[in-house]
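The values are calculated or read from the model by the stated rules, or taken from the named source; none is laboratory data. The shown structure was predicted, so the numbers you read here are calculated from the model rather than taken from an experiment. Quick reminder, even Gly has a Cβ in these numbers, built from the backbone with ideal geometry, and neighbours come from all protein chains shown. Surface accessibility is based on the protein's heavy atoms, side chains included, excluding ligands, DNA and RNA. Shrake-Rupley method; radii C 1.70, N 1.55, O 1.52, S 1.80 Å.
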Amino acid sequence: MTPENNPYRLDRTVVPSAYRIFITPNLEEATFVGRVEIDVDIESATKVVKLNAIELDLSAATVTTGGTAHRSIELSLDEEYEVATYTFDPALPIGAAVLEIAFSGILNDQLHGFYRSTFTDPSGVKHTIATTQFENCDARRAFPCWDEPAFKATYQVNLTVPSHLAAYSNNPVSSDTDLGNGQRTVSFTPTMKMSTYLVAFIIGAFEETEAVDVDGVPLRIVFPIGNAHLAAHALEAGEFGLRFFAEYFDIPYPGEKMDMVAIPDFMQGAMENLGCITYRTSDLLIDPATASLAEMERVALVVLHELAHMWFGDLVTMEWWQGIWLNEAFATFMQVLCQDKFRPQWDTWTSFCADRDMALDIDGLHTTRSVEYEVVSPADTQGMFGRLTYEKGAAVLRMLEQYLGAETYRDGIRNYLRTHSYANTVTTDLWDAIEEVSGAPVRDVMNTWILQGGYPLITLQDGLISQVPFAYGPATGESAIGSSWKVPVMTRSLKGGAVSVHLLQDDAIAISDDPPVVLNARGSGYYRSRYGVAESAALADHVDELDAIERAVLLSDSWALLFSSQISADQFLTIGAGLGDLDEPTPWDTLATAVGYIKRALPDEQLSGFVERVRAIFQPQFARLGWAARPGESALAPQLRAMVLSTLGTVCRDEEIRAEASKRFDANQVSGDLANAILRIVSSQDRPGDYETFLERFRNADTPQDEQRYMRGLAGFSVESAALDAAERCFSEFRNQDGSTIFGLLTSNAKTGPSVWRYMASRWDDVLAKFPPNTLSYTTRGIVTFINDAALADEVEAFHESHPLAGEQKEVQQNVERMRVGLTFAAAMREQF
Ligand SMILES: [Zn+2]
């Protein structure tokens, strides 16, 4: 479909260039009134002006051109395409004009458009906030506009607000006028030329840090009052990121200031509004004294991701939503690249393997999708925000970067951003820009990764490398997994020497590295690896010579081969036993996940031998690491310690570890890296009263991380009344932003998951009404653990097939397929133990 015949798109008869937006919210009544003046160019004489609007009451429009004001004679609204059509008679003449429309609307609770959020401050006072979230097509809920990324314009925002409240937008304040009636009008300077989805305005009881001057850019953290002590980490990451990206892209930050704002109710992690980035509170505000390393990493990664968007996304923008994957993939790639420089000791490229695995897990299913696909409607775009966009996209960019060399790749990115600043692009513009600099066949290679689903399994056997498509199971219907890829394969000999680079296509390639040879050397390839018998034997005694990332890849590839019934549990656990004493937690994380899954598959009478095997692997690590930090231990040791304790305490039910965890919990010594492990071990014991204590600590949490930890921790209890109580609270107590995620966790509980799923199904209408669109599929994440009961699987599949989700059904289908793969896997495990 071309832009011209897509009914969701506006034509270019009238094109906006500058908006002046005047908004007055009424926070008590949850309403707003507004007015917009838009400088437009009328490209050909027309009787109709079409622009986007939905859930707004619109006035007649006035178009002033050449000193004459034309008033519209008719207004019609198309709810399906979200288009307002104004009719004028006589026709409006060609030329520059100003369009004026007044409007009013409601501050909704759906976390999109112009919406309402609430919080209670430390002294117990409740406050209401009005804030915006416009990506992808929701600016039209706040003001009538040409709400497509290709209609770039400038925006001058004016907010009339209660005098005691703070107000923010994309640009600096130009004037602040007291109206004498308890209200004031805050005006902001016009933005750079950009897309509507990047506009933001926020009103509420906020405070800010002092601005840090980052080479001329004032940077602040903005938060609901009373949270100043939680801002330092994000400020430090923000300062680092702004400098790093200006240098990497070789283009100064395109905005005029940077406020990073914590919003108590927020759909996703964060939103890259130019100069006014909004965040979920737990992704911005953090107390380093009580947070875990994983939580510290998460905050920094989200901050760096959003800052990367200021260039890639805001300065250069996709022409239509089809290109959103590239925007998100690139920001995800850059967040890791930058974090690796921000905190080298965190070994972020290795932990990225765990994120990449989430994409590989989905992408090995026949219900996968290509990264890029045709997007016609806004609902089509919803399905694009997922792991195949963020994590697969980022992983294939990393593979390309390593294949071309980091500097060549960077120069290609610079070329792309310079060429297309303030404009819009399609995906191939990026490949062309990198190709121009590198001379490599970038477009050809990348098309095989982006335009078809799946990835290959690379085999090294008899000195040859070759590819076949990887799949977790046989296809029962259509498969979206492709057949062949252009694969940059890196190999190296463990005896030393450089990494060899091969571009593998349909024909096998002979390699000349001395055995033992490692595939996916340095771990940047987006594929699975398998070794022939001789190659495998040569490698087996040298696993501890692999670097950290190669070890992580070996474990995750082995887990994938086990889950797809291509190797045995014995082979997998033997590899796990060879991990050695490296603190890097990523391969251990894979191992812990895998043994958790195997345990689910086994009935009680088959558990003892398996549990002993797991204990034999994890116990030596506990002996090495203990409960307390050792002097001089690595930055990553605490994470590994938590993983080891959690596995020994839950899978192996180690009495001593369970007792110590309970003791710490009872004394309320639950913080830092051990916090989640302690909560997991405690909840798995189902002691009377603990569920209520979790709930109590959730309600009185001092930090967003504690709040999340205790709320999520509720899903660990296996008493049915507790599980159903937590499920009910998704509707009555927890924030709408969290409901879907909590349902996903509650349904993952090995004992009570099925009951919670049935409860959820019985309240499906409430799920649809209450939780924000774009998060609904998270409610089905737990069904992938329903691996022991074929009748339940049938019931689940039938229900979700007959209750499809608009833009997110693909993810639901993937969860159903993974559940089916799990049933086969579980049956195999019962044979093997
Ligand atoms: Zn993003």
Next item on the list: State, in angstrom, two size descriptors of the range 487-531 derived from its alpha carbons: Rg to one decimal place and Dmax to the nearest whole number.
Entry: 10.0, 29
Margin query: Can you give me the accessible area per residue for the range 1-66, using a 1.4 Å probe, in Å²?
Written below: 46 Å²
Note to self: Taking the solvent-accessible surface of protein heavy atoms with a 1.4 Å probe, what is the per residue accessible area of the range 491-631 in Å²?
What the structure shows: 40 Å²
Note to self: Once you place label points 7 Å from the Cα toward the Cβ at ASP11 and VAL533, how far apart are they in nm?
What the structure shows: 7.1 nm
Note to self: With bins 5 Å wide starting at 0, give me the P(r) of the range 311-379 over every alpha carbon pair, in whole percents.
What the structure shows: 3, 14, 18, 18, 19, 16, 8, 3, 1
Check: From the Cα gyration tensor of the range 502-554, with a ≥ b ≥ c the square roots of its eigenvalues, which class applies: rounded if a/c is under 1.5, or else prolate if a/b is larger than b/c, or else oblate?
Finding: oblate
Note to self: Give me the net charge for the shell around VAL36: Cβ to Cβ below 14 angstrom, other residues only, Lys and Arg +1, Asp and Glu -1.
What the structure shows: -1
Check: In the neighborhood of THR317, defined by Cβ-to-Cβ distances under 12 Å, what is the net charge if each Lys or Arg adds +1 and each Asp or Glu adds -1?
Finding: -4
Notebook entry, point to check: What is the mean projected area of the alpha carbon convex hull for the range 681-819, to one decimal in square nanometres?
Noted result: 8.1 nm²
Notebook entry, point to check: Counting Lys and Arg as +1 and Asp and Glu as -1, what is the net charge of the other residues whose Cβ lies under 11 Å from the Cβ of ASP138?
Noted result: -2
Item checked: Angle between the chain longest axis and helix 324-342 axis [Cα atoms, degrees, rounded to 10] -> 60 degrees
Next item on the list: Can you tell me the alpha carbon radius of gyration of the range 66-191 divided by the globular rule-of-thumb value 2.2 N^0.38 Å?
Entry: 1.30
Note to self: I'd like the per residue volume of the convex hull spanned by the Cα atoms of the range 151-205, given in cubic angstrom.
What the structure shows: 64 Å³
Notebook entry, point to check: Lys/Arg Cβ at +1, Asp/Glu Cβ at -1, dipole of the chain taken about the Cα centre: which of SER117, ALA331, LEU602 is farthest positive-ward?
Noted result: LEU602
Note to self: At 1.306 mPa s and 10 °C, plugging the Kirkwood radius over alpha-carbon pairs of the range 428-474 into Stokes-Einstein gives what diffusion coefficient in µm²/s?
What the structure shows: 124 µm²/s
Checklist line | Most to least packed among 625-638, 378-391 [average Cβ atoms within 10 Å] | finding: 378-391, 625-638
Check: Where the only charges are on Cβ atoms (+1 Lys, Arg; -1 Asp, Glu), what is the dipole of the range 193-312 about its Cα centre, to the nearest 20 debye?
Finding: 300 debye
Next item on the list: Determine the equivalent ellipsoid of the chain by diagonalising the alpha-carbon gyration tensor, then write out the semi-axes as square roots of 5 times the eigenvalues, largest first, rounded to whole Å.
Entry: 46, 32, 26
Next item on the list: Please name which of THR177, SER493, PHE206 has its Cα lying farthest along the dipole of the chain towards the positive end, using unit charges on Cβ (Lys, Arg +1; Asp, Glu -1) and the Cα centre as origin.
Entry: SER493
Notebook entry, point to check: If you count the DSSP beta bridges with both ends in the chain, what percent of them are antiparallel, to the nearest 5?
Noted result: 80 percent
Item checked: Global size of the range 1-151 as Cα Rg and Dmax, reported in angstrom -> 17.1, 61
Margin query: Below 8 Å between Cα atoms, with a sequence gap of 6+, how large is the relative contact order for the chain in percent?
Written below: 8 percent
Item checked: the range 184-235 shape via C-alpha gyration tensor axes, a/c threshold 1.5 -> oblate
Next item on the list: Would you please give the FRET efficiency between GLU28 and LEU77, computed as 1/(1 + (r/R0)^6) with r the Cβ-Cβ distance and R0 = 30 Å, to the nearest 0.05?
Entry: 0.60
Notebook entry, point to check: Of the accessible area of the chain, with the probe set at 1.4 angstrom, what percent is carbon plus sulfur?
Noted result: 50 percent
Notebook entry, point to check: Taking the Cα centre of the range 760-833 as the origin, how large is its charge dipole in debye, to the nearest 20, when only Lys and Arg (+1) and Asp and Glu (-1) carry charge on their Cβ atoms?
Noted result: 240 debye
Notebook entry, point to check: Say the dipole of the range 503-571 comes from +1 at the beta carbon of Lys and Arg and -1 at that of Asp and Glu; which of ALA534, GLN566, GLY523 then lies farthest toward its positive end?
Noted result: GLN566
Next item on the list: Against the globular-protein guess of 2.2 N^0.38 Å, express the Cα radius of gyration of the range 200-295 as a ratio, rounded to two decimals.
Entry: 1.06
Next item on the list: Kindly provide the pair-distance distribution of the range 445-561 built from C-alpha pairs, with 5 Å bins from 0 and whole-percent values in order of increasing distance.
Entry: 2, 11, 22, 24, 20, 11, 6, 2, 1, 0
Note to self: Using a probe radius of 1.4 Å on heavy atoms only, what accessible surface per residue do you get for the range 669-782? Whole Å² is fine.
What the structure shows: 36 Å²
Next item on the list: Determine the dipole magnitude for the chain: charges of +1 sit on the beta-carbon of Lys and Arg, -1 on that of Asp and Glu, nothing else is charged, the reference point is the Cα centre, and the result goes in debye to the nearest 20.
Entry: 640 debye
Notebook entry, point to check: If each Cα of the range 33-92 is one equal point scatterer, what is log10 of I(q)/I(0) from the Debye formula at q = 0.14, 0.17, 0.24 Å⁻¹?
Noted result: -0.39, -0.58, -1.12
Note to self: Can you classify the range 631-720 as rounded, prolate or oblate using the Cα gyration tensor, where a ≥ b ≥ c are the square roots of its eigenvalues, rounded means a/c under 1.5, and otherwise it's prolate if a/b beats b/c and oblate if not?
What the structure shows: oblate
Checklist line | Kirkwood hydrodynamic radius of the range 383-490, from inverse mean 1/r over distinct Cα pairs, in Å | finding: 15.6 Å
